[in-house]
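The numbers here are math on the coordinates, done by the rules we state, and not lab data. In this text, all values refer to a predicted model and were calculated from it rather than measured experimentally. Here the Cβ is made from the backbone with ideal geometry for all residues, glycine too, and neighbour counts use every protein chain on show.
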Amino acid sequence: MNILFKIYRHLASSAILSAGIFLLICSAAAIAHAGQDLSPPDPEYDATPVTIEYSVLDKATNYTASSGDCSITWIAYNSGPNQGVIKHSPRCAAPMALQVSLLTKICTALFSHDKDAGAFRTLFWGGLEAEGKPASQELPLRLALAAYRSPGWDVRKGKPRNRNINGFIKELANGVPIYPELQELFRPFNRQITLATVEKVRVLEAEKLPFYSRLEQQGVKATDRLPFDCMAWFSLSPLSP
């Protein structure tokens, strides 16, 4: 009986000692992590790399940045008939405010990597409603609202009251403007951007547009005819002192 009691007392002492060691380890871990931020890293600091590829066929350098379902490529033509032109090619439904983070990385790579960076004078945006899907509807929405609010646009006829539609859309988009994110994008690179050429303006009844519910909230009627898309060329020039 005495032998059994001694064995029991030994096991109990071992258990107490093990528990004490466990608590000591936990306390040490807590002290080691004190003052440290253990939360997931902020996506803003995620160093998404820019893929740089040269196309011999196109005589252009492709700069691509991606995040999740959003992918943007800028094709910078180094020679040939398109020399000095950058083509915007997105597959992204994110708002412009979120796309700017990827565009900034592309611009940084382009202006630091490309020997012809100073020669680029044109950004060909393509359609405000991008062909690649998914696509953002933000710029089309802004254009439609700007036209609706302009006294120079006839919502019943779906055209400007007194001038050429391409010229009207160009002046309207620059006047609002509908692309403030792009203006801020190029400023750190000592460039200013202006919508220079507009072609192939598309006009539809508001009820047929995918963002009609948002237009309706601003007082737009279902039968109001509004511009929502066009081919857009931007000019790039040194920032004025």
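Figures for the structure shown
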read-out	value
Cα gyration tensor category, rounded, prolate or oblate, for region 75-140 with a/c compared to 1.5	oblate
Distance cut-off 14 Å, percentage of C-alpha pairs in region 170-212 lying past it	63 percent
DSSP-loop trypsin sites (Lys or Arg not before Pro) across region 152-191, with at most 11 other Cβ within 10 angstrom	Arg156, Lys157, Arg161, Arg163
28 Å Cα-Cα threshold exceeded, pairs from Lys200/Lys221; Lys170/Lys208; Lys105/Lys159; Lys133/Lys208; Lys87/Lys221; Lys159/Lys208	Lys105/Lys159; Lys87/Lys221
Which of Val155, Val56 has the fewest Cβ neighbours within 10 Å, and the rest in rising order	Val56, Val155
Three-way shape call for region 100-241 based on the alpha-carbon gyration tensor, with the a/c threshold at 1.5	prolate
Span from the region 49-65 Cα centroid across to the region 129-201 one, whole angstrom	28 Å
Kirkwood-Stokes translational diffusion coefficient of region 104-150, alpha-carbon pairs, 4 °C, 1.567 mPa s, µm²/s	97 µm²/s
